[in-house]
Amino acid sequence: MFNIAKTFCGIYDGGRTFKTIYMKFKNVYFLVGTLCLGIMLCAAGAFMLFAGVHTYGELREELAKERLEVQDPTILLTYPGARAPEGVEVPTVLIDTAREAEAQAEVIQTHVLALTGGKTYSELARDDPNRATYLNAVTLRTALHQAHIGFEVTTFVLGMGAILAALGVAVLALGLPLVRMSGKK
């Protein structure tokens, strides 16, 4: 154990008193603890970054598999009623990002409210033929909102992973020298 103290802490002085031995063990444990903490934080950060990148790609793939090719919803939302004026050509896009999913959900809501005269599902008469259309619109909007939330959670996981990895590097870069310096006193 003293060789470990000598190697890692540089504090081995050949003393045999209890206090000297205790201080050597204490410094070794602080060093090993700091090293383990830094490595665990880096590993947790790396895992979260990997999981975030993987999940983000998976979400994009699954949303793209639905082949929601529509007129660009971000452009449509700039027009009244979310409809392009006659003669204006709006490019078609594949919905595969959080921003596009959220914008398409808003376009669907705008169109269905225009169809029902501004009434919600519960305000429509039971025999109104637009109730089924409204219910389909709610289902589509819910799926698009869930995709948007999935992207946002994934972004949060990526951010937390980066923070944990940075903390781990900081503990290793700053903590280890501080522990070594405290052992040399």
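Among the residues of region 115-145 satisfying the criterion of being out of contact with any helix residue (DSSP H, G or I) (no Cβ under 9 Å at 6 or more places or on another chain) and in a helix (DSSP H, G or I), which is surrounded by the fewest Cβ atoms within 10 Å (Cβ to Cβ)?
122
Residues that are free of Cβ contacts under 8 Å to residues at least 40 places away in the same chain and among the β-branched types (Val, Ile, Thr): does region 41-54 have at least one?
Checked against the condition, which is being free of Cβ contacts under 8 Å to residues at least 40 places away in the same chain and among the β-branched types (Val, Ile, Thr), region 41-54 yields no hits at all.
Counting only residues that are among the hydrophobic types (A, V, I, L, M, F, W, C) and within 27 Å of the chain's Cα centre (by Cα), how many does region 78-112 have?
Adding up the residues that qualify gives 9.
Being of a type outside the set (A, V, I, L, M, F, W, C) and either part of a loop (DSSP other than H, G, I, E, B) or more than 13 Å from the chain's Cα centre (by Cα) (or both) is the filter here, so list the residues in region 37-57 that pass it.
38
Residue 34 - would you say it is buried (at least 16 other Cβ atoms within 10 Å of the Cβ), in a helix (DSSP H, G or I), modelled with pLDDT under 90 and among the β-branched types (Val, Ile, Thr)?
yes
The values are calculated or read from the model by the stated rules, or taken from the named source; none is laboratory data. Predicted, not measured: the structure shown is a model, and the values here were computed from it. No Cβ is skipped: glycine too gets one built from the backbone with ideal geometry, and neighbour counts run over all protein chains shown.
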